[in-house]
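Derivation of every value follows stated rules applied to the coordinates shown; laboratory data play no part. In this text, all values refer to a predicted model and were calculated from it rather than measured experimentally.
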Amino acid sequence: MSTILLTGFEAFGGSAVNPSAQLAAALAGATVGGFAIETMVLPVVTVEAGDRLDAAIDAIGPAFVVCCGEDGRAAEIRVERVAVNRREFEADNLGTACRNLPVVEGGPESIEATLPVERLVAASLAASVPAAASDSAGTYLCNEVMYRALHRGLGGRSSPQAGFVHVPRLPEQGAGRAGAPMPFDRTLEGVRAMLAVLAGEAASGSHAART
Ligand code: PCA
């Protein structure tokens with residue numbers, strides 16, 4: 001059976017929970033449209049998160065990689081269009097700071113998602129879950145793992161279609177800086193609709209089109 005690898009992140013920034021870790025827990029072992037969903041929760045730790053993702057892609061050989069994370073500024077599910085080759089943050093979960101460092105030395109300035117971003121957004125909206133495409137995944141761990149997942153394809157390594165989905169905080173976390181929380185069952189419904197689109201596209205053969 002073909003596989004979709006879905007990743008979440010552990011809690012960070014003083015929060016006790018992360019909605020993306022809950023997505024990984026809720027979808028572990030699920031089947032969507034004939035695809036097995038495998039999940040993992042990544043550490044909010046620079047370099048290590050990308051290394052773990054890389055190893056999982058090598059071990060599992062998924063058709064698609066959907067990395068998920070929390071965005072405290074989001075009021076809707078955000079499907080990222082692009083990852084940038086920059087690490088710029090005050091502290092990861094081990095206290096490491098990064099100032100204007102590349103994710104991958106010598107890598108391109110930016111890499112576009114190879115998931116069908118607009119169709120994923122449409123799928124969530126069709127399920128009545130607010131969603132939008134986004135042109136910035138930030139310069140923290142979410143951007144870093146997205147860049148790593150996409151960069152491996154440039155060097156000729158096996159490269160599943162990959163991208164990143166940012167989700168709003170949970171109601172128990174309160175609103176972020178500019179965001180609004182989303183109940184977990186809504187987030188799950190939106191992401192499930194996106195996975196169904198991926199499974200449907202692969203089954204109908206448009207998988208290679210990468211649009
Ligand atoms: N969100 C952070 C990192 C982990 C997460 O869930 C981000 O947006 O980079």
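Assorted remarks:
- Sorted largest first, extent of the chain alpha carbons per principal axis (Å): 44, 41, 27
- What separates the Cα centres of region 1-49 and region 121-136 is a distance of 19 Å.
- Considering region 60-99 at the alpha-carbon level, its Rg and Dmax are found to be 13.7, 34 Å.
- For region 103-202, alpha-carbon Rg over 2.2 N^0.38 Å: 1.18
- Residue separation of residue 159 and residue 25 scaled by 0.36 nm, minus their Cα-Cα distance, works out to 45.8 nm of gained length.
- Extent of region 11-88 along its three principal axes (Cα atoms, max minus min coordinate, largest first): 36, 26, 26 Å.
- For region 184-191, putting each phi into the Karplus relation 6.51 cos²θ - 1.76 cosθ + 1.60 with θ = phi - 60° gives couplings of 4, 5, 6, 4, 4, 5, x, 5 Hz, in residue order, rounded to whole numbers and with x for Gly and Pro.
- Per-residue [θ]222 nm for the chain (sum of -39500 (n - 2.57) over DSSP H runs n ≥ 4, rounded to 500): -10000 deg cm²/dmol
- HN-Hα J in Hz across region 100-116 - Karplus 6.51, -1.76, 1.60, θ = phi - 60°, x for Gly and Pro: 6, 9, x, 6, 10, 3, x, x, x, 4, 8, 9, 7, 4, 9, 7, x
- Highest-MSF residue in the chain out of 144, 109, 38 [GNM, Cα springs under 10 Å]: 109
- Normalised by the number of residues in the chain, the mean separation of alpha-carbon contacts (under 8 Å, six or more apart) gives a relative contact order of 26 percent.
- Applying the Karplus relation 6.51 cos²θ - 1.76 cosθ + 1.60 with θ = phi - 60° to region 13-21 yields 3J(HN,Hα) values of x, x, 7, 8, 9, 9, x, 6, 5 Hz, where x marks Gly and Pro.
- A compact globular protein would have a Cα radius of gyration near 2.2 N^0.38 Å; the ratio found for region 71-126 is 1.45.
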